[in-house]
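Worksheet: the structure to be examined is printed underneath.
Taken together, the values in this text are just the output of simple stated rules run on the coordinates, not laboratory data. Bear in mind the structure is a predicted one, so any value in this text is a computation, not a measurement. Glycine gets a Cβ as well: all are built from the backbone with ideal geometry, and neighbour counts include every protein chain shown.
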Amino acid sequence: MTEFLIRVIITAIIALVYFGILLLHVAYATYFERKVIGHIQMRLGPMVVGPHGLLQPIADMVKLVFKEDVIPSQVDRVIFRIAPLISLVAAMTTFSVIPVNQGWYIGDINVGLLFVLGIAGLGTYGLILAGWSSNSKYAFLGGLRSAAQMISYEVSLGLSIVGVILLAESFNLTEIVQKQQQYWHGMFLIPQFVAYFIFIVAMFAETNRVPFDLPEAESELVAGYFVEYSGMRFGLFYLSEYLAMFCMSALATICFWGGWTIPPVLLKAWPWLGNIPGIVWFLLKVYFHIFLFYWIRGTLPRYRYDQLMLIGWKVLVPLALLNIVVTSIIKYIF
Amino acid sequence: MTGKEILNKALMVEILKGLNQTLKTLVSKAVTIQYPFEKRKVWPGFRGKHAMVRDPKTGKDKCIGCMTCARVCPAQCITVKREKIENKMVVTEYKIDASRCIFCAYCVEACPTCALVLTENYEYSVYSRDELIFDKELLLKNWDDFVQRWPEDTYFNKFWQPPGIDPKRWPKTKQEQKPIPLRGAALTEQKEAVKEEKDETGNS
């Protein structure tokens, strides 16, 4: 019994540390985004608070925390308060099974991949409930759109990963990474490039980022599902969006880029690369994906709603199914 | 759709072109001028805060109370009152309402003695409208403040000799107007010239 308690306490401490690191990451992910978008538009981004604006995210956080928490009189109070928590908890929980290095995880479960996808899907409830309980037309439209978008793109997201699961013969995230080491290239990106493309597109739609940011389209729905939110409740939505981005980038890294490992070819050519800790490679790969989010945000306009549905159902789902069929046949033959 | 178009769409050629473009601007230098810390160069002919030239010879303004500026002002924001005291015209009140000014610089062009000037100083936001009504003392103070920050040794405003008008039609004082010495060698030269003039007049 005491052994169990000690394990619970240790896990809780690890989870808290993890939580703190993730919060800090989100703060600086916003800074990174503003810098990247700024330089894409030939601006400088935040420059005044601290050297090169490095303290800007902290100033923003302090501002959010101290802002007045306004709850409009016509809202459904209970759901209005729970909604941001649902999306935040869903976004945080996914990180409990994501390994960032060999053996660095909070929980190692056999169906890690399914767990991440399932919990990430739960986050949609937060958005829909926020849109519904706000009792505002813009928020409601945003919530509806997010529901439709999530359902459409979760299908292609799940189907795109099936190819990886077929090759890895496991749902466990650590095992998926280890299986990729059997190849000379060390990543499923090369045999599964179609799946990777589908995953990337679905990833953008799942996290409500440009070019699929219809639920929070600022030019038509003001802010979409969180129009009525202010202060830290808005901050929680913001937080969960960036955490979802980080989670999806981590998933793409683990499933397609070989996680914390580097291709055996490179390791053979330059053996000293093996001395660099795995978390460095993991973070580099994750930040490449996060940069991809910002890069595409700085480039593409928003898709129309019918285009969104067309891409989801007429392009990505058939492509993903085709990918599964081809992968299975090749796997069966060899 | 031709085959080429379909291929372009399938390979997302246009999206990749766009991404390439944004990557190019991402690594290129930003064009931002960080305003309060660094300032853009002000070009000659800029029309900013109003001031009255403090004549380095006399230490006073050069206004003769001819009312030309008040007459020419399209916004009618200049008020001049004058009185005849001991057979001499004396300006008793001179006011420019900068909050109504349209910065056409007609007053500067019209002034026969080059006493008025719209300086290159553009940072003079204030908290109340009263502070934007400049009387003579304030206008002279504006000039002193402006001169302190002016980087060169002399100052000459483009509108003192109105461009687009035949120089022969300028008043004689305007034709003879030279850059006003502010500091350094130019000022000492001017002082010496004034001294010599005084000596000459004293001797004669």
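For the reader, a short list of remarks on this structure follows.
- Label point distance in nm, B:Glu83-A:Val48, each placed 7 Å from Cα along Cα→Cβ: 4.9 nm
- Taking packing as the residue-averaged number of other Cβ atoms within 10 angstrom, the listed peptides A:184-193, B:143-152, A:260-269 run from highest to lowest as A:184-193, A:260-269, B:143-152.
- Averaged over peptide B:19-28, the number of partner chain Cβ atoms lying within 10 Å of each residue's Cβ comes to 5.
- For a straight C-alpha distance cut-off of 19 angstrom, the lysines reachable from B:Lys191 (same-chain residues fewer than eight places away being disregarded) are B:Lys57, B:Lys60, B:Lys62, B:Lys178.
- The C-alpha atoms of chain B define a longest principal axis, and helix B:13-27 lies at about 40 degrees to it.
- Residue-count net charge about A:Thr299 - beta-carbon cut-off 13 Å; Lys, Arg +1, Asp, Glu -1: +4
- Amide H contacts of A:Gly259 (H built 1.01 Å from N, in plane; Pro and chain starts excluded): A:Ile254 sit under 5 Å, all sequence-distant by 5 or more or on other chains.
- Cα shape, the stretch A:234-334, gyration tensor, a/c 1.5 rule: oblate
- Take every pair of alpha-carbon atoms less than 8 Å apart whose residues are at least six positions apart; their mean separation over the length of chain A yields a relative contact order of 22 percent.
- Contact order relative to length of the stretch B:50-187, as percent, for alpha carbon pairs under 8 angstrom and 6 or more apart: 27 percent
- For the protein assembly as shown, taking a cut-off of 4.7 Å between Cβ atoms, the unpaired cysteines are A:Cys247, A:Cys255, B:Cys63, B:Cys66, B:Cys73, B:Cys77, B:Cys101, B:Cys104, B:Cys111, B:Cys114.
- Contact order for the stretch A:1-66, expressed relative to its length and based on alpha carbon pairs under 8 Å spaced 6+ residues apart, stands at 21 percent.
- Extension gain, B:Leu187 back to B:Lys141 (0.36 nm per residue minus Cα-Cα distance, nm): 14.6 nm
- Shape call, the stretch B:50-187: gyration tensor on alpha carbons, a/c limit 1.5: rounded
- The C-alpha atoms of chain B define a longest principal axis, and helix B:184-203 lies at about 20 degrees to it.
- Under 18 Å from B:Lys158, Cα to Cα: aspartates and glutamates that are on another chain or at least 8 residues apart: B:Asp55, B:Glu109, B:Glu120, B:Asp166, B:Glu176
- Gain on full stretching of the segment that runs from B:Trp43 to B:Tyr124 - 0.36 nm per residue minus C-alpha separation: 27.4 nm
- Chain A: angle of helix A:56-66 to the longest principal axis, Cα-based, in degrees nearest 10: 50 degrees
- The stretch between A:Trp270 and A:Leu122, if pulled fully straight at 0.36 nm per residue, gains 48.9 nm over its current Cα-Cα span.
- Net charge, B:Pro162 excluded, C-beta distance under 12 Å - Lys, Arg +1, Asp, Glu -1: +1
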